[in-house]
Amino acid sequence: MLAISQKGDLMQKIIVNGIDGNFGMLVAKYIQKLVAKEHLVFTVPSMEKMKKFSQSDVRIELADFNSKENLTTVFKNADKVLLISMPFVGEERRAAHRNVVEACVAANVKQIIYTSVLSASNPLNPSIENIDHGYTEALIQNSPLDYIILRNSLFAEAFITDYLRIVAAGEHLAVKNMGNGRVAFISRRDAALAAAAALNNDLLHREILNINGRDALTFAAFLNIGNNITGNKIEYRTQTDEELYEYFDNLGVPRTTDGDFSKSPIKATSEGMVSFGTTVREGYLDVPVSDFSKLTGHLPLSVEYMFSHINDFQLGERHPTEK
């Protein structure tokens with residue numbers, strides 16, 4: 001890992017939002033290895049969650065993404081603010097992101113860092129998520145803020161977790177609509193490390209970086225790696241978008257983030273999974289450029305490594321940081 005920051009007074013206030021979530025928790029872990037704790041502020045969305053972190057060595061603040069006034073106070077004169085894209089989709093997320101961006105402007109924040117997705121600026125990208133990410137990127141780029149936008153590839157944990165679900169259910173088929181499209185799956189750990197590295201970097205300005213995994217793989221190749229390492233024999237069956245929606249409906253997977261996940265075996269929405277599958281199939285995530293190593297000084301974790309340490313690379317429960 002890189003050494004503790006010696007920037008002193010040059011970087012006095014770095015804000016990591018949403019440390020109660022899976023991604024934010026990892027960023028909080030990594031950033032403390034890069035930046036002295038007195039320069040850090042971590043935020044959570046509720047007083048209840050503040051109690052959970054009451055013993056933290058880092059200053060904890062309440063950040064209400066529904067209140068631009070609250071955010072402006074918390075963000076005042078910050079050098080860096082990390083906006084982790086919210087775990088729900090649609091107008092509610094766009095409104096929360098808009099509050100953050102406008103608060104950063106009002107609070108005289110020097111730079112915002114946003115976790116987006118690959119090909120977010122492509123207007124033909126069919127992912128339902130792309131609407132929110134493209135909107136947020138445009139807000140940031142058309143503001144006076146300096147920025148680093150991190151366009152993440154798909155998290156491998158989501159697909160490894162689903163692989164284990166199939167095994168546990170005694171099934172032998174992985175049904176996807178990804179066709180033969182390729183994607184360089186990134187681990188959530190690496191994406192969080194990239195975010196921490198961006199928070200520690202004062203050389204990058206108004207940059208958009210692609211955070212890709214090590215190798216571009218078809219889902220069939222991804223599945224073969226899992227089978228070879230675990231000894232299972234899960235086969236890939238490609239489906240149309242409509243067939244995959246029906247499959248998820250039968251499993252009880254909600255179509256949107258407003259649905260009930262209490263009985264769903266998959267902690268993601270079918271709308272998100274199907275539209276991301278379409279994105280892969282049509283080549284939007286087969287981006288040959290990766291800035292991960294340049295930013296972090298590390299190679300990304302391989303899919304082979306993640307399957308070899310499979311219990312460490314699970315998606316986990318959904319942790320929305322706002323209501």
**Request:** Give, in nm to one decimal, the length gained when the segment between residue 228 and residue 260 is fully stretched (0.36 nm per residue of separation minus the Cα-Cα distance).
**Result:** 8.0 nm
**Request:** Using a 1.4 Å probe and ignoring any ligands, DNA or RNA, find the accessible area of residue 298 and quote it in Å² to the nearest 10.
**Result:** 70
**Sites residue 76 and residue 282, calculated FRET efficiency, Cβ-Cβ separation with R0 45 Å, nearest 0.05** = 0.55
**Among 158, 307, 121 the positive-end extreme of the charge dipole of the chain (Cβ point charges)** = 307
**Item:** Charge dipole (segment 216-298, unit charges on Cβ, about Cα centre) - positive-most of 283, 218, 239
**Value:** 218
**Prompt:** If the cut-off is a Cα-Cα distance under 13 Å, which aspartates and glutamates reach residue 76, setting aside same-chain residues fewer than 8 apart in sequence?
**Reply:** 61, 102
**Asked** Treating the beta-carbon of each Lys and Arg as +1 and of each Asp and Glu as -1, no other charges, what is the dipole magnitude of segment 6-67 about its Cα centre, to the nearest 20 debye?
**Response** 200
**Message:** Could you tell me which residue out of 70, 228, 60 lies farthest along the dipole of the chain toward its positive end? Charges go on the beta carbon: Lys and Arg +1, Asp and Glu -1, centred on the Cα centre.
**Reply:** 60
**Asked** What FRET efficiency do you get for residue 64 and residue 122 if R0 is 30 Å and r is their Cβ-Cβ distance, rounded to the nearest 0.05?
**Response** 0.40
**Prompt:** residue 237 to residue 57: extension gain in nm, 0.36 nm per residue of separation minus the Cα-Cα distance?
**Reply:** 59.9 nm
**Message:** So if each residue of separation counts as 0.36 nm, and I subtract the Cα-Cα distance between residue 249 and residue 48, what length gain in nm does that give?
**Reply:** 69.0 nm
**Prompt:** At a Förster radius of 45 Å, what calculated FRET efficiency corresponds to the Cβ-Cβ distance of residue 207 and residue 180, to the nearest 0.05?
**Reply:** 0.90
**Item:** Accessible area of segment 1-158 belonging to carbon and sulfur atoms, whole % at 1.4 Å probe
**Value:** 52
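Order 87-97, 227-237 from most to least packed using the mean count of other Cβ atoms within 10 Å.
Working: 87-97: 18.0, 227-237: 13.0.
Answer by packing, highest mean first, reads 87-97, 227-237.
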**Long pairs among 33/294; 52/110; 33/68; 29/52; 13/68, criterion Cα-Cα beyond 22 Å** = 52/110; 33/68
**Fill in**
What helix-only [θ] at 222 nm does the chain give? Using -39500 (n - 2.57) per DSSP H run of at least 4, over all residues, to the nearest 500, the answer is -11500 deg cm²/dmol
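The values are calculated or read from the model by the stated rules, or taken from the named source; none is laboratory data. Bear in mind the structure is a predicted one, so any value in this text is a computation, not a measurement. Cβ sites come from the backbone with ideal geometry, for glycine too, and all protein chains shown count toward neighbours. These accessible areas exclude ligands, DNA and RNA; they are computed on the full protein's heavy atoms, side chains included. Shrake-Rupley method; radii C 1.70, N 1.55, O 1.52, S 1.80 Å.
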